[in-house]
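Notes follow once the structure below has been shown.
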Amino acid sequence: MAASSLLRSLSRISRALATSFYHRGPCSPFSAAAADAVGRGLAGLGPTAKGEKARVVVLGTGWAGSRLMKDLDTTGYDVVCVSPRNHMVFTPLLASTCVGTLEFRSVAEPLARIQPAVSKSPGSYFLLARCTGVDPDAHTIDCETVTEGEKDTLEPWKFKVSYDKLVFGCGAEASTFGIRGVTEHATFLREVHHAQEIRRKLLLNLMLSDVPGISEKEKRRLLHCVVVGGGPTGVEFSGELSDFIVRDVKQRYSHVKDYVHVTLIEANEILSSFDVRLRQYAINQLVKSGVKLVRGIVKDVQPDKLILDNGEEVPYGLLVWSTGVGASSFVKSLPFPKSPGGRIGVDEWLRVPSVPDVFAIGDCSGFLESTGKEVLPALAQVAERQGKYLAVLLNHVMKAGGGHANSKVGVDLGPKFVYKHLGSMATVGRYKALVDLRQSKDSKGVSIAGFASWFIWRSAYLTRVVSWRNRLYVLHEFQTHIFFL
């Protein structure tokens, strides 16, 4: 509640500040080149003047955008971030916050700590808003403030932002495959507020099920947690939930402990990107923890039950949807070439072809078919590596004199972006985790120590080596220590 109240207050402050931009002096970037925009009711950040630092506008505060902003050289660039979220979320650990293993503040890092310039530098800003359109010819984007939950706000504030370099890092959205009722009745697990909603609903159902007069059938429904999607997120959440039931529910809610159960529904194989031996180990661990595995396809979602393709009805009290991600409606609407899957198409230097000074990184981007490269998976390590690469490229361009819009300076961009997969990891509950470090097509393989150095340092000891040659491991007494970016 405190976090929501603070967010609403920040939104009001942002709107008040936006209104005050009308009254800034003639040297202000909010009024210098936006006079005619003001006449149309739109204030904004005008183009940078000669002698000023070039402006990099970054859309999004995910893995890609946050890493990019962290590494940008702010002695030569002003950084403007436009995002509906003023923090980065450590998504691999969201499942742990749903049941109290970790607190929400442990998986969120404020943008001002990642890139202090947005709160300290005169020309750098964080704008709590969404991008609604882009004009590549004018080098401007249209934005709209985020006002969800604002009862006293009639309509969002609209404004424009001029850019010298524009980077799309706005991520993707959860895939629902057009199944009716998913958006209305299921809870996703991509943001902190999603984890908060899952925890609230889980605890509410536990308390309601203990109220006198509740029928046996309704009690079983309330305490049935259904997870749709057998990828790493779905498996990790199922493992965390089963641990929560064993460790906490059976002690604190002893009257209803025998009614609580978890079902994981997957259309194909769980953890399909992992080696078959690790998949089997995960299945054994989940079943041992009390998770029921069901193979099937969801056809319809109703307020208190979902229906599978074989006609079976599955009642639920909590439904968590984790079936992967796809291109957002905003990304699909952009007038740019698209890669397979509807993402923004980029070349080997992560540029959007035929559109000067525009780049795309993370889940919203993908290699064009003309590059001959496959579209990379929507993974945190892909996004982080792209953000790091693009920061180096943009810093190099700026130092060569090509930082401003439509710069005619010929700059050698350097080596193309090459992704090397470091490996995959997934927890399965009971302080156990799987590590798959098999060699990828473009990598010579990495050691388990090398993988652990990727943003997360996880301490554990090996209880089982599935295959030394193929670099497959099972970890026990698994703990996680976070080092943000």
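The values are calculated or read from the model by the stated rules, or taken from the named source; none is laboratory data. What you are looking at is a predicted structure, and each value in this text was computed from that prediction instead of being measured. Here the Cβ is made from the backbone with ideal geometry for all residues, glycine too, and neighbour counts use every protein chain on show. Keep in mind that these areas ignore ligands, DNA and RNA; they rest on the heavy atoms of the full protein, side chains included. Shrake-Rupley method; radii C 1.70, N 1.55, O 1.52, S 1.80 Å.
With the condition kept exactly as written, say whether any residue in segment 280-290 is outside any helix (DSSP H, G or I) and assigned by TED's automatic domain parsing to the domain that holds residue 186.
Kept after step one, since they are outside any helix (DSSP H, G or I), are these residues of segment 280-290: 289-290.
Those left that are additionally assigned by TED's automatic domain parsing to the domain that holds residue 186: 289-290.
The answer is yes; a qualifying residue exists.
Suppose we filter 308, 390 for residues that are open to solvent by less than 20 Å² (accessible area, probe 1.4 Å) and touching a residue at least 60 places away in the same chain (Cβ under 8 Å); which single one remains?
Values: 308 fails: touching a residue at least 60 places away in the same chain (Cβ under 8 Å).
Unique residue meeting the criteria: 390.
Is one or more of the residues making up segment 50-67 of a type in the set (Val, Ile, Thr), in contact (Cβ under 8 Å) with a residue 12 or more places away in the chain and surrounded by fewer than 23 Cβ atoms within 10 Å (Cβ to Cβ)? Talk me through it step by step, then tell me what you get.
Step one: list which residues in segment 50-67 are of a type in the set (Val, Ile, Thr), which gives 56-58, 61.
Of the ones still in play, those that are also in contact (Cβ under 8 Å) with a residue 12 or more places away in the chain are 56-58, 61.
Filter again for surrounded by fewer than 23 Cβ atoms within 10 Å (Cβ to Cβ), leaving none.
Looking for residues that are of a type in the set (Val, Ile, Thr), in contact (Cβ under 8 Å) with a residue 12 or more places away in the chain and surrounded by fewer than 23 Cβ atoms within 10 Å (Cβ to Cβ), one finds none in segment 50-67, hence no.
Please work out which residue is farthest from residue 145 (Cα to Cα), limiting yourself to segment 105-134 and to residues that are within 15 Å of the chain's Cα centre (by Cα) and open to solvent by less than 40 Å² (accessible area, probe 1.4 Å). Quick ask: steps written out before the conclusion?
Let us first name the residues in segment 105-134 that are within 15 Å of the chain's Cα centre (by Cα), namely 107-111.
Among the residues that remain, those that are also open to solvent by less than 40 Å² (accessible area, probe 1.4 Å) are: 107-109, 111.
On the way: 107: 25, 108: 21, 109: 21, 111: 18 Å.
Residue satisfying both the conditions and the ranking: 107.
Out of curiosity, is residue 263 open to solvent by 50 Å² or more (accessible area, probe 1.4 Å) and either in contact with a strand residue (DSSP E or B) (Cβ under 7 Å, 6 or more places away or on another chain) or of a type outside the set (Gly, Ala, Ser) (or both)? Give the derivation first.
Values: open to solvent by 50 Å² or more (accessible area, probe 1.4 Å): no; either in contact with a strand residue (DSSP E or B) (Cβ under 7 Å, 6 or more places away or on another chain) or of a type outside the set (Gly, Ala, Ser) (or both): yes.
Spelling it out, it is not the case that residue 263 is open to solvent by 50 Å² or more (accessible area, probe 1.4 Å) and either in contact with a strand residue (DSSP E or B) (Cβ under 7 Å, 6 or more places away or on another chain) or of a type outside the set (Gly, Ala, Ser) (or both).
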- Query: Just for segment 206-228: of the residues that are open to solvent by less than 20 Å² (accessible area, probe 1.4 Å) and at pLDDT below 95, which one is farthest from the chain's Cα centre (by Cα)?
  - Reply: 209
- Note on the structure: (1) more than 18 Å from the chain's Cα centre (by Cα); (2) farther than 25 Å from residue 133 by Cα all hold for residue 382 apart from (1)
- Query: Does any residue in segment 138-149 that is under 15 Å from residue 60 (Cα atoms) come within less than 7 Å, Cβ to Cβ, of a residue that is in a loop (DSSP other than H, G, I, E, B) and open to solvent by less than 20 Å² (accessible area, probe 1.4 Å) six or more places away or on a different chain, and which pairs are these?
  - Reply: 141/163
- Query: Would you call residue 89 touching a Leu at 6+ places or on another chain (Cβ under 9 Å) and either surrounded by fewer than 18 Cβ atoms within 10 Å (Cβ to Cβ) or modelled with pLDDT of 95 or more (or both)?
  - Reply: no
- Those residues of segment 266-283 which are farther than 25 Å from residue 307 by Cβ and open to solvent by less than 40 Å² (accessible area, probe 1.4 Å), in sequence order: 271, 274, 275, 278, 281, 282
- Which condition number does residue 366 fail, the rest of (1) crowded, with 18+ Cβ neighbours inside 10 Å; (2) small (Gly, Ala, Ser); (3) assigned to a loop (DSSP other than H, G, I, E, B) being met? (3)
- Single unsatisfied condition, residue 69 versus (1) farther than 16 Å from residue 379 by Cα; (2) modelled with pLDDT under 95: (2)
- Message: Out of the residues in segment 313-346 meeting the condition of being within 30 Å of residue 220 (Cα to Cα) and polar (S, T, N, Q), tell me which one is most open to solvent (accessible area, probe 1.4 Å).
- Response: 323
- Message: Restricting to segment 405-424, and then to whatever is open to solvent by less than 70 Å² (accessible area, probe 1.4 Å), touching a residue at least 40 places away in the same chain (Cβ under 8 Å) and not small (Gly, Ala, Ser), can you tell me which residue is farthest from residue 374 (Cα to Cα)?
- Response: 413
